[in-house]
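Working notes, beginning with the structure itself.
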Amino acid sequence: MSVATTVARETTRSVSTGRSKDRGLGSLIFLGGLWFSLFFGVMVLLVLIIDTAIAGAGRFDTGLLTDYSSRIRPEETGFRAGILGSLWLMLFTALFAVPLGIAAALYLEEFADNERWWNRLIEVNLQNLAAVPSIVYGLLAVAVMALLGFERSGIVLGGSIALALLILPVIIITTREAVRAVPQEIRQGSLALGATVWQTTWRQTLPSAIPGISTGTILGLSRAIGEAAPLIVVGLAGAVRFDPSGLFSEVTALPMMIYSLTSQSQEDFRTAASAAIIVLLVMILGLNALAIFIRNKFQKTW
């Protein structure tokens, strides 16, 4: 009995710590392959970033951020309209996707009856929608704009709808995971004190899940800010020389301007595009850093 207990403890310890005494040749080769794959991927990414930064080093100036695009003077072209356009798109994307995604996740996790066929259908579709190519959401956004009666889809509203549809499954899935991580004891204690299911969800479950919800939402937005494929389908301009002024204003985005300039033959345009790639990368890394800060600052351990 003691031998069996000792073996069980060793097995539990090896599983819980991720360590095992098995150091055969096959396992060592597999472990070496994993480390090599990780090292190779990181090194390729670093080489690409460094090469892009070197290529765009000549355009790291204030004009890159404050000037508009220029076809006459490619050495002075700027990305002011693209940066502001991306910020406008992210604002309305968040307004469209975040409330709807959180509400859908709360319904599916707290109120939906999994025995109903339509709830099971929604579950399956959510898992599939997360893997749909982004260009499909652009086509869907064009259809939505046509149904709403808009003749032009290359406006702030069209781009925001496309990006909101893109990140909506991500927000729903991450919100459900955050809500599921809240201990059942909190819900049961609230219900035992006489609160309704809605009051428990609104006052106990949702506030406890806010760190996870915020992290997932920001990561979804950081993905959307770098997308160009759905914006191309929607018809956003490759470059404009004015700032967006409203929801129905024609707009461009930083990824769209980068895509447009990389196809130009002039070297100055490509240099500016390389510098803009670094600016976009800094914006994405800033959003990711904000998500990490929120997670570490407000994360709760139960």
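Numbers below:
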| item | result |
| --- | --- |
| Neighbour-count order for Phe92, Phe269, Phe248, fewest beta carbons within 10 angstrom listed first | Phe248, Phe92, Phe269 |
| Choice from Ala57, Ala239, Ala164 showing the highest fluctuation, given a GNM over the chain with Cα pairs closer than 10 Å | Ala57 |
| Three-way shape call for the range 179-302 based on the alpha-carbon gyration tensor, with the a/c threshold at 1.5 | prolate |
| Rg(Cα)/(2.2 N^0.38 Å) for the range 63-298, N = residue count | 1.17 |
| Centre separation in Å (Cα based) which lies between the range 113-188 and the range 242-302 | 22 |
| Given charges at Cβ of Lys, Arg, Asp, Glu: the range 159-302 dipole, positive-most of Val179, Gln204, Thr252 | Gln204 |
| Student exercise, the range 63-298 dipole from Lys, Arg, Asp, Glu Cβ charges, in Debye to nearest 20 | 260 |
| Residue among Leu34, Ala105, Val240 farthest towards the positive dipole end of the chain, charges placed on Cβ | Leu34 |
| The range 68-188 - Rg and Dmax from Cα coordinates, angstrom | 18.9, 68 |
| Overall dimensions of the range 251-292 by Cα: Rg and Dmax, Å | 12.1, 40 |
| Student exercise, the range 166-302 dipole from Lys, Arg, Asp, Glu Cβ charges, in Debye to nearest 20 | 640 |
| Volume per residue of the C-alpha convex hull in the range 155-231, rounded to whole Å³ | 87 |
| With Cα atoms, 0 to 90° folded angle of helix 134-147 axis to the chain main axis | 70 |
| Least to most buried among Met257, Met283 (fewest other Cβ within 10 Å first) | Met283, Met257 |
| Which of Thr66, Thr205, Thr252 has the fewest Cβ neighbours within 10 Å, and the rest in rising order | Thr66, Thr205, Thr252 |
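Read the figures in this text as sums done on the coordinates, not as results from a lab. As the structure is a prediction and not an experimental result, all values here were calculated from the model. A quick note on method: Cβ atoms are made from the backbone with ideal geometry, for glycine too, and the neighbour counts reach across all protein chains shown.
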